[in-house]
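Please read the structure below before turning to the comments.
The values are calculated or read from the model by the stated rules, or taken from the named source; none is laboratory data. Just so it is clear, the model here is predicted, and its values are computed rather than measured. Here the Cβ is made from the backbone with ideal geometry for all residues, glycine too, and neighbour counts use every protein chain on show. These accessible areas exclude ligands, DNA and RNA; they are computed on the full protein's heavy atoms, side chains included. Shrake-Rupley method; radii C 1.70, N 1.55, O 1.52, S 1.80 Å.
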Amino acid sequence: MDRADLQLVEKLFADGHIKVLVSTATLSWSVNLPYSDTVIIKGTHIYNPEKGACTELGSLDVMQMLRRAGRPLFDAYGEGIIITGHSQLKYYFSLMKQQLPIESQFVSKLAHQLNAEIVLGTVKNAIEAIEWLGYTYLYIRMVRNPTLYGLSADALTRDVLLVDRRADLVHSAATILDKNNLVKYDRKSGDFQVTDLGRTESI
């Protein structure tokens, strides 16, 4: 949808000329809609191009859509309705009760984020990168749910602060950056050196 059309829809809905708005999941994320009385999510499967198949909507996506229900200063509450398969009822019921933790997706973007930190000068070597990783939500979730992040159930008994795991993640990300000439990575000293290509990529 063109931006001009998108803005027209937003304005007509905000002014009350459109009472019901139907959109795809993608459009519902991008439209700057004012809050409405009720939000209905019809179907919870969405195509995931990375997996090449349909997957369930993530918890963040569902909550973002449902938060549009209820108009501030006008309504005391909003109504959210999810229409899904019977097999998914337990999952979404738990989600509404906030019993499911939000897991980190940081590993998939770690190389990019590490490059940005190196370019900024906040991380100059592998030791600093390991420390930096200890301040991330990924680290918090690895400690709380190690098996979900590829660690053994007893990993914390052998490495309480998961220093070895963080070191492995940093080494893997730094190796990818070095291979693509985004960073010069000295494996012996652990030092990082910024490259012009790395600076460009971090923008």
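A compact table of results
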{"quantity": "Pairs where the first residue, in region 1-12, is farther than 17 Å from S36 by Cβ and the second is hydrophobic (A, V, I, L, M, F, W, C) and surrounded by 12 or more Cβ atoms within 10 Å (Cβ to Cβ), C-beta under 9 Å, 6+ apart", "calculated": "M1/V9; M1/L27; M1/V31"}
{"quantity": "Any pair with Cβ under 7 angstrom, 6 or more apart, that starts in region 190-203 at a residue that is touching a residue at least 40 places away in the same chain (Cβ under 8 Å) and ends at one that is assigned to a helix (DSSP H, G or I) and surrounded by fewer than 18 Cβ atoms within 10 Å (Cβ to Cβ)", "calculated": "G190/I127; S202/A116"}
{"quantity": "Qualifying residue in region 58-78 (condition: out of contact with any Gly (no Cβ under 6 Å at 6 or more places or on another chain), modelled with pLDDT under 85, open to solvent by 50 Å² or more (accessible area, probe 1.4 Å) and over 25 Å from L21 (Cβ atoms))", "calculated": "no"}
{"quantity": "Output for region 116-146, where each listed residue is touching a residue at least 40 places away in the same chain (Cβ under 8 Å) and among the charged types (D, E, K, R)", "calculated": "K124, R141, R144"}
{"quantity": "Counted residues, region 79-94 - those being at pLDDT 80 or above, of a type outside the set (S, T, Y) and either at positive phi or outside any strand (DSSP E or B) (or both)", "calculated": "5"}
{"quantity": "Among residues of region 147-185, those that are without any contact (Cβ under 8 Å) to a residue 40 or more places away in the chain, open to solvent by 80 Å² or more (accessible area, probe 1.4 Å), within 17 Å of V123 (Cα to Cα) and part of a helix (DSSP H, G or I), counted", "calculated": "1"}
{"quantity": "Residues satisfying the stated conditions in region 186-203, i.e. open to solvent by 30 Å² or more (accessible area, probe 1.4 Å) and not in a loop (DSSP other than H, G, I, E, B)", "calculated": "D191, Q193, V194, D196, L197, R199, T200, E201, S202"}
